[in-house]
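Before any comments, here is the structure.
The values are calculated or read from the model by the stated rules, or taken from the named source; none is laboratory data. Small disclaimer: the values here were computed from a predicted structure and weren't measured. Glycine also receives a Cβ, built like all others from the backbone with ideal geometry; neighbour counts cover every protein chain displayed.
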Amino acid sequence: MARTKLSDDRDLTEEQKLFKESINDWAERNFPLERVIRINREGHPFPQDIVEGLAELGLIMGTVPEEQGGMGLTWSDQIVIAEQLGYIDPSIATAAGFMAVETGWGFTINRYANEEIRERYIKPAIQGDKFVGIATTEPKGGSDVAGFESTGEKDGDEWVLNGEKTFISGVEECRRMGGGYWVNVRTGPKIPEAPHKNMTAFFVPIDTDGVQPQEPYDDAGRGSLSTSGFIMEDVRIPDEYMLGEEGKGFYYTMEGFDNARILIGASSVGVTRRILEEAADYIKERETFGRPLAKYEGIQFPFVERYIELEASDLMVKKVAKMQDQRYDEEGWLERTGKAKTYKPTEIAKWISMIKYKVPHLAKDTADDAMHWLGAAGYSSEYIFETAWRGVMSYCVGAEGGANIQKLVIARETLGKDYIPYK
Amino acid sequence: MLFVVLVKQVPDTTEVEVDEETGTIIREGVPSVLNAFDEFALNEAIDLKERMDEDVEIIAVSMGPPQAKDALKKCLAIGADSAILLTDRVFAGADTWATAVTLGRAVKKIGDVDVVFAGQEASDGNTAQVGPEVAAQLGISQLTFVADIEKVDKESGHIICKKETDEGHVRIKAELPAVIACMPEPGFEPKIPNVRDIMKAKKKSLDEWTFEDLGGDEEEYGLDGSESVVIRTYSPPPKGEGIKIEEKPEIAAEKIIEFMEEEGLL
């Protein structure tokens, strides 16, 4: 029986079709599903050959301009890459998650970094030789981005950073490969009615004196990509390592989240598509009571419902990527006139929150369904479903923004600011 | 030096199904890919170009419907310098001979081609006829089952290749220009184009040539120019379950003889 295919690439550009083909060919040789499952069981360290493969294929930070070492891809291009990485890596950690962290945040760091950071960290990260990431969450919380307590004090031409960051993706990888993090600290007094003000972003190399990486957590999923944290004790960072302007860190951080969340939404489309295809192959073959499982409405109806949600999500992700392309294309207009030409950033953030909320949940729920359809086989690591379920759960509970935070953003943009619950 | 690589877009063979009623291949909704033998031929051309001291231009040429552009785009991403799609309703329905007529005319029009690379066969038809027929059209040397190209020397006017035979390999020398039909050896892994290659390919030339560009009479091309007629395409009946003998060689031999005697085969 021919394998079930649920993708339709006819609306993609010729180049985008080739991105997908190259990723598939590479995965077939180097990263088949059996290895995805095994790596997630074995846990970190993150396999170096995968980093090298992603870099060699040019999948990391494709949206960085060509003159700065990237490929000058649009977000509409990069989501095709993200979706296909989710498809070949439904654990959403090893290939897809790594690319999302590096691209979402690396691209945004690159926008606000000086040439030295670009040369020493961004370009090597694009080549797979260094790791760059984001460190916002603190022990007192992560969703309340403006509620952080880490501080930065100016001392001559340096800043002295103190505080602690926790639940940070890739600290082990960053230690091993070299690299650094986008770190937010408070550089002025906390204003109770506007706690997001006076937040400043810095690029902090992981090997800076005073940065103390912590032991990794033992996570439910995303086994290959480490999660831990680091303490900053009198970490001295040169003035030039400030990202953008002093006091504007909150706004840049929201932009970084926007970029990373688009990629997570797209990867989750790929995860869902792969789960449905793998499940379809099984339910068409496996017979109970003399009929294939796929003939039972109790199975084919929920299958169809998930498929509808998948295609709706795919369209949403493509729409959002186009909005983000317009945002950057029209940036000069916004700077000149103070008004958005097409979409306000907060409107785009609403759409991004919709996909960040919806698609990882869809992938998780589809994996859950598939395990029910397959029964004991689906629950075992012979199949991809439990690995995918544990992996995408990470993006439901918090990675790149918790589920309820996405709902707050959507409510703010639909019901209005008067109905923000925390004000 | 100028190399032309002939390529074909074929249905992904892992996905092909035959319509049981009509006996024709179901192409609707079946993904198309670059024929693996042609991909090997292109890889050989690029490998040779990289080993040569002189300037080499590689042009990928395909005959097919407009969507065959996808296969040529891939050739450009892998490393071809430019590509030409031969596409016209007049070319439709061509058998191997009419295909070779079309491709041969295109090679002539390009002019001064030193080596024409082709895959040994296409994974959809498996005729292995087009490469040799193009050589016949052009009246130039043909080398088949080529596993490796040792060198192309324009000065002496020769090409030296490693050719696969039933017994192993032979080293063979032929006069230029030549058509070589390439046969990948087991374990061959084609180059995977990366994003940078793919984006660079966007800037390379991909022309479309029609009947008007190639000239001649319409009757020479497509269905009218075909010498053969396909009556039916069908899957051969399954061979049935075989017998597996897992014994030491001498015992296995006895059992095989016993089986053949029982079946009246000896």
message: Criterion first (farther than 30 Å from residue A:19 by Cα and either away from every other protein chain (no Cβ under 14 Å) or surrounded by fewer than 23 Cβ atoms within 10 Å (Cβ to Cβ) (or both)) does residue B:89 satisfy it?
response: yes
message: When you scan the range A:317-332, do you find a residue that is at pLDDT 95 or above, assigned to a strand (DSSP E or B) and either touching a Gly at 6+ places or on another chain (Cβ under 9 Å) or not hydrophobic (A, V, I, L, M, F, W, C) (or both), even just one?
response: no
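Kindly state which helices (runs of 4 or more DSSP H) lie completely within the range B:158-266 and contain at least 1 residues that are away from every other protein chain (no Cβ under 14 Å).
Qualifying helices (runs of 4 or more DSSP H): B:211-214, B:249-262.
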field: The lone exception for residue A:103 - which of (1) part of a loop (DSSP other than H, G, I, E, B); (2) outside the structural domain of residue A:237 (by TED's automatic domain parsing); (3) of a type in the set (Ser, Thr, Tyr); (4) under 23 Å from residue A:219 (Cβ atoms) it fails
entry: (1)
- prompt: If you take the residues in the range B:34-70 that are of a type in the set (A, V, I, L, M, F, W, C), more than 12 Å from the chain's Cα centre (by Cα) and under 15 Å from residue B:147 (Cβ atoms), which one is surrounded by the fewest Cβ atoms within 10 Å (Cβ to Cβ)?
  reply: B:48
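Based on this model, can you work out whether residue A:66 counts as surrounded by fewer than 17 Cβ atoms within 10 Å (Cβ to Cβ), more than 19 Å from the chain's Cα centre (by Cα), more than 18 Å from residue A:315 (Cα to Cα) and away from chain B (no Cβ under 13 Å)?
Numbers: surrounded by fewer than 17 Cβ atoms within 10 Å (Cβ to Cβ): yes; more than 19 Å from the chain's Cα centre (by Cα): yes; more than 18 Å from residue A:315 (Cα to Cα): yes; away from chain B (no Cβ under 13 Å): no.
Answer is no for this residue.
Could you tell me how many of the residues in the range A:205-247 are farther than 30 Å from residue A:95 by Cα and either of a type outside the set (Lys, Arg) or within 25 Å of the chain's Cα centre (by Cα) (or both)? Before you say what the answer is, go through the steps one by one.
Here is the first cut: in the range A:205-247, the ones farther than 30 Å from residue A:95 by Cα are A:209-210, A:233-240, A:245-247.
Applying the additional criterion that residues be either of a type outside the set (Lys, Arg) or within 25 Å of the chain's Cα centre (by Cα) (or both) yields A:209-210, A:233-235, A:237-240, A:245-247.
The number of residues fulfilling the criteria is 12.
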statement: Given the conditions (1) of a type in the set (A, V, I, L, M); (2) within 30 Å of residue A:385 (Cα to Cα); (3) at pLDDT below 95, every one holds for residue A:132 apart from (3)
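Conditions tested, residue by residue: (1) of a type outside the set (Phe, Trp, Tyr); (2) buried (at least 16 other Cβ atoms within 10 Å of the Cβ); (3) closer than 24 Å to residue A:104 by Cβ; (4) modelled with pLDDT of 95 or more.
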| position | (1), (2), (3), (4) |
| --- | --- |
| A:182 | no, yes, yes, yes |
| A:194 | yes, no, no, no |
| A:199 | yes, yes, yes, no |
| A:206 | yes, yes, yes, yes |
| A:242 | yes, yes, yes, yes |
| A:246 | yes, yes, yes, yes |
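Restricting the search to the range A:335-351, which residues are part of a loop (DSSP other than H, G, I, E, B) and small (Gly, Ala, Ser)? Outline the logic, then answer.
To start, the set of residues in the range A:335-351 that are part of a loop (DSSP other than H, G, I, E, B) comprises A:338-344.
Across the range A:335-351, the qualifying residues are A:338, A:340.
In this structure, is residue A:411 out of contact with any strand residue (DSSP E or B) (no Cβ under 7 Å at 6 or more places or on another chain), without any contact (Cβ under 8 Å) to a residue 24 or more places away in the chain and within 29 Å of residue A:135 (Cβ to Cβ)?
Details: out of contact with any strand residue (DSSP E or B) (no Cβ under 7 Å at 6 or more places or on another chain): yes; without any contact (Cβ under 8 Å) to a residue 24 or more places away in the chain: yes; within 29 Å of residue A:135 (Cβ to Cβ): yes.
In short, yes.
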- prompt: (1) over 26 Å from the mean Cα position of the chain (by Cα); (2) assigned to a helix (DSSP H, G or I); (3) closer than 23 Å to residue A:95 by Cα: which one isn't true of residue A:372, the others all being true?
  reply: (3)
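To keep it simple, each residue is scored yes or no on (1) in contact with a Cys (Cβ under 6 Å, 6 or more places away or on another chain); (2) surrounded by 24 or more Cβ atoms within 10 Å (Cβ to Cβ); (3) assigned to a strand (DSSP E or B); (4) of a type in the set (Ser, Thr, Tyr).
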residue: A:108; (1), (2), (3), (4): no, yes, no, yes
residue: A:117; (1), (2), (3), (4): no, no, no, no
residue: A:122; (1), (2), (3), (4): no, yes, no, no
residue: A:160; (1), (2), (3), (4): no, no, yes, no
residue: A:172; (1), (2), (3), (4): no, no, no, no
query: Condition test on residue B:178, is it free of Cβ contacts under 8 Å to residues at least 60 places away in the same chain and under 21 Å from the mean Cα position of the chain (by Cα)?
result: no
statement: residue A:58: passes all of (1) modelled with pLDDT of 95 or more; (2) assigned to a helix (DSSP H, G or I); (3) surrounded by fewer than 24 Cβ atoms within 10 Å (Cβ to Cβ) but (2)
task: Would you mention how many residues in the range A:1-39 are within 11 Å of chain B (Cβ to nearest Cβ), of a type in the set (Asp, Glu) and in a helix (DSSP H, G or I)?
output: 5
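Out of all the residues in the range A:60-67, is one or more outside the structural domain of residue A:177 (by TED's automatic domain parsing) and on the phi > 0 side of the Ramachandran plot?
Our first condition is that a residue be outside the structural domain of residue A:177 (by TED's automatic domain parsing); within the range A:60-67, this holds for A:60-67.
Then keep just the ones that are on the phi > 0 side of the Ramachandran plot; that gives A:61.
There is at least one residue in the range A:60-67 that is outside the structural domain of residue A:177 (by TED's automatic domain parsing) and on the phi > 0 side of the Ramachandran plot.
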